[in-house]
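The values are calculated or read from the model by the stated rules, or taken from the named source; none is laboratory data. Just so it is clear, the model here is predicted, and its values are computed rather than measured. Every residue, glycine among them, receives a Cβ derived from its backbone with ideal geometry; neighbour counts consider all protein chains shown. Remember, those area values only see protein heavy atoms, side chains included, never the ligands or the DNA or RNA. Shrake-Rupley method; radii C 1.70, N 1.55, O 1.52, S 1.80 Å.
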Amino acid sequence: MKHFLAVYLGSASPSKRAEWDNLDEAKRKKLESQGMRAWGEWMAVHKAVVVDQGGPLGKTKRAAANGVSDTKNNMTGYVVVQAETHEAAAKLFENHPHFTIFPGEAVEIMECLPIPGQAQR
């Protein structure tokens, strides 16, 4: 089976995150609890296809020809899954708690390709 990197994206819209942050604390804590439970259930249901459970991502640095600098992006976490096709991998994330409970924007899924000239996994 092919491997796919799934990257959890936060919202580019500050208002979506602000809505979450401005929720009544009790309501936000309840949603966080529901979200973590739903995420755990998602992981349990898909444990046979999760290759690397991944995790949250922190602040970003950019390394380029002109040096290292701070930068920003919307990536909030990742997981690696296996599936027969790109479409099948993407369908695993339909209705994911990242965007159905938490204020996440989407999950982007891309195939992990072999390095040219090296043996296939």
* Asked: Under 25 Å from the Cα of Lys2, which lysines turn up, not counting those fewer than eight places away in the same chain?
  -> Lys47, Lys91
* Kindly sort Leu113, Leu57 by accessible area of their heavy atoms, largest first, with the probe set to 1.4 Å. => Leu113, Leu57
* **Reported label for calculated Rg/Rh (Cα atoms, Kirkwood Rh) given (1) 1.03; (2) 1.12; (3) 1.15** => (1)
* Rounded tilt (10° steps) of 25-45 against the dominant C-alpha axis of the chain -> 30 degrees
* Using +1 on the beta carbon of Lys and Arg, -1 on that of Asp and Glu, and nothing else charged, what's the dipole of the chain about the Cα centre, debye to 20? -> 280 debye
* How many percent of the accessible area of the chain is carbon or sulfur, using a 1.4 Å probe? -> 53 percent
* **Among 19-29, 74-84, 58-68, the order from most to least packed when residues are scored by Cβ within 10 Å on average** => 74-84, 19-29, 58-68
* **Among Thr76, Ala63, Val49 - extreme Cα towards positive end, dipole of the chain, charges at beta-carbon** => Ala63
* Structure fact -> Distance in nm between Asp52 and Glu111 label points, each 7 Å along Cα→Cβ, equals 1.9 nm
